[in-house]
Amino acid sequence: MAFDTPAGTRGARQPSGPFFRWANTMMARRLRRKGGKMMGFNALVLTTIGAKSGAERTNPVGWFPGPEGSWLIVASAAGAANNPAWYYNIAAHPDKVQIEIDGRKIPVTATQLHGLERAQAWQQITTAAPRFAQYEHKTDRELPIIRLVTQPS
């Protein structure tokens, strides 16, 4: 499915700047060492290839269990008008994504959910983490939900 969610026209301030980058780096290091949670969510380290730069980029993100052992992540950017940069990186290179979870590096393929599939996943996510419903109310864009599936060996 296409990665086709446009930026919105309104939303919360997107987390950015040197402190946010430092905090992301520290959280990714902690997740690599100990695994666990971030802000109350199960968390993983997402590695993408920059859409413009071609450089490897890492971000800690919350995840939710998907069907058949997949992982669901939400490109919420805390309800900002714009999608997070990693969303565009995944859109440019959906087959060059890697996650780190439970001390393992796993190559995954990313697909964006649409329609009924997205609606069902959104219900699951907002039930488990009501904060995401608040993010959606802050912006006029539909928050993309991405399914990550282990690549075949």
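Laboratory data are not the source of any read-out in this text; all were calculated from the coordinates shown. As the structure is a computational prediction, the values presented were derived from the model and not from experiment. Using ideal geometry, Cβ is built from the backbone for each residue, glycine included, and neighbour counts are taken over all protein chains shown.
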Lysines with Cα under 25 Å of K37, excluding same-chain neighbours fewer than 8 positions away:
K96, K105, K138
Through the Karplus equation 6.51 cos²θ - 1.76 cosθ + 1.60, θ set to phi - 60°, convert the phi angles of segment 43-55 into ³J(HN,Hα) values in whole Hz; use x for Gly and Pro.
9, 9, 9, 9, 10, 10, 10, x, 4, 9, 7, x, 7
Using 18 Å as the cut-off for backbone N distance, which residues of segment 115-153 belong to the label zone defined by a point 7 Å from the Cα of D95 along Cα→Cβ?
147-153
Sorted by Cβ neighbour density within 10 Å, fewest at the top, the residues V61, V45:
V45, V61
Jot down the per residue volume, in cubic angstrom and as a whole number, of the convex hull over the alpha-carbon atoms of the chain.
114
Just rank H137, H93, fewest to most, by other beta-carbon atoms within 10 angstrom.
H137, H93
Residues whose built amide H sits under 5 Å from the amide H of A12, excluding neighbours closer than 5 in sequence, are A80, A81
Taking V149, V108 and counting other C-beta atoms within 10 Å, the order from fewest to most:
V149, V108
Where nothing but the Cβ of Lys and Arg (+1) and of Asp and Glu (-1) is charged, how large is the charge dipole of segment 18-150 around its Cα centre, in debye to the nearest 20?
620
Before anything else, pin down the relative contact order of segment 18-150: Cα pairs under 8 Å, at least 6 apart, normalised by residue count, whole percent.
26
Describe numerically, in nm with one decimal, the distance between label points set 7 Å from Cα along Cα→Cβ at R21 and at R33.
2.2
